[in-house]
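Comments concern the structure below.
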Ligand SMILES: Cc1ncc(COP(=O)(O)O)c(C=O)c1O
């Protein structure tokens, strides 16, 4: 029975769903959304903060800072609250209002930058704001998840060993790529222990982590507009790209069976299903990782008006049973 003193100590690492009856392929899903931050990023946040403590990079009175519009910001606000640090999260006007309120509810401070950068986004402005704050006050410590090796080490030590233990004969592991912390950590571990699984990264079309072609993306979690420093393509056997309308379709298919997952889970499951259909031999098995649950996506992935506004060709409402959303992504 889990019985914890600190929120980051609740890690339910043995929650799996058999998706084969839903997607028609031999696919299981490892669910990482059942914790106090609601996502896999609680492991990343706790591991990075502990490593910084052990390296004496932070001490009582330090202020943790990160640029994040999503799950890592929420997770860091919880770890900071649990360990008595202040936390500042730099966000932008596109960041989710729900995440902002979650961070503030745990005592975090949100700084919103509103100046567009040269790419028409806010990333460069956010990073500049973090650097300015760090330069202004020595108490700040920037976690920098895109370049921090303790991001992928969290999954090396916490996520991958349970996969190897539960699925010793697994053929394919499918992992979504955002910062690439999860896929890099799992790949390093499975290679180190000689596990036979092929590692397949799943990314959103338009992300530049493993491709040169950038494009608009609207669903948070996966994909980047710059290549993360911790990304290592040599550890990965293959990369699958999924268009966001297919992400929406897969999320809604799972939801119709009572499994309300976050947007990136739709991407990973769509990628895994497509890959297994094309490549898997009879009797092979796949496992995908789900980063979070769907509550935070009710106004986006699960909202018909949002979907028709963002993806051309969806023609208004998506019928509940008929969830195909063909068409290309609208430039905004
Ligand atoms: C919902 C969701 N899915 C997937 C990911 C990707 O994980 P990683 O950054 O380890 O590549 C993230 C990361 O923020 C996320 O928030």
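Brief remarks follow.
- When 21, 38 are checked against the criterion of being under 15 Å from the mean Cα position of the chain (by Cα) and farther than 10 Å from residue 290 by Cβ, a single residue qualifies: 38.
- Any hit, segment 201-221, residues being at pLDDT 90 or above, near the ligand (Cβ under 10 Å from one of its atoms), more than 19 Å from residue 263 (Cα to Cα) and touching a strand residue (DSSP E or B) at 6+ places or on another chain (Cβ under 7 Å): no
- Extreme residue, surrounded by the most Cβ atoms within 10 Å (Cβ to Cβ), among residues of segment 272-314 that are in contact with a strand residue (DSSP E or B) (Cβ under 7 Å, 6 or more places away or on another chain) and in a helix (DSSP H, G or I): 272
- Residues of segment 82-100 that are in a helix (DSSP H, G or I) and within 26 Å of residue 115 (Cβ to Cβ): 97, 98, 99, 100.
- Pick from segment 35-62, criterion touching a helix residue (DSSP H, G or I) at 6+ places or on another chain (Cβ under 6 Å) and outside any helix (DSSP H, G or I), ranking: nearest to the ligand (Cβ to nearest atom): 39
- The lone exception for residue 135 - which of (1) away from the ligand (no atom under 12 Å from the Cβ); (2) within 29 Å of residue 279 (Cβ to Cβ); (3) without any contact (Cβ under 8 Å) to a residue 60 or more places away in the chain; (4) assigned to a helix (DSSP H, G or I) it fails: (2)
- Residue in segment 63-81 that is surrounded by fewer than 18 Cβ atoms within 10 Å (Cβ to Cβ) and assigned to a loop (DSSP other than H, G, I, E, B) present: no
- Test: residue 118 is loosely packed, with under 15 Cβ neighbours inside 10 Å, more than 16 Å from the ligand (Cβ to nearest atom) and farther than 30 Å from residue 307 by Cα: no
- The set of residues in segment 108-126 that are closer than 20 Å to residue 224 by Cβ, modelled with pLDDT of 90 or more and part of a loop (DSSP other than H, G, I, E, B) contains only 113.
- Hey, residue 129 more than 16 Å from the ligand (Cβ to nearest atom), in contact with a strand residue (DSSP E or B) (Cβ under 7 Å, 6 or more places away or on another chain), closer than 28 Å to residue 34 by Cα and in a helix (DSSP H, G or I) or not: no
- Residue under evaluation residue 178, criteria (1) over 24 Å from residue 67 (Cα atoms); (2) within 12 Å of the ligand (Cβ to nearest atom), criterion not met: (1)
The values are calculated or read from the model by the stated rules, or taken from the named source; none is laboratory data. All values reported here derive from a predicted model rather than from experimental measurement. A quick note on method: Cβ atoms are made from the backbone with ideal geometry, for glycine too, and the neighbour counts reach across all protein chains shown.
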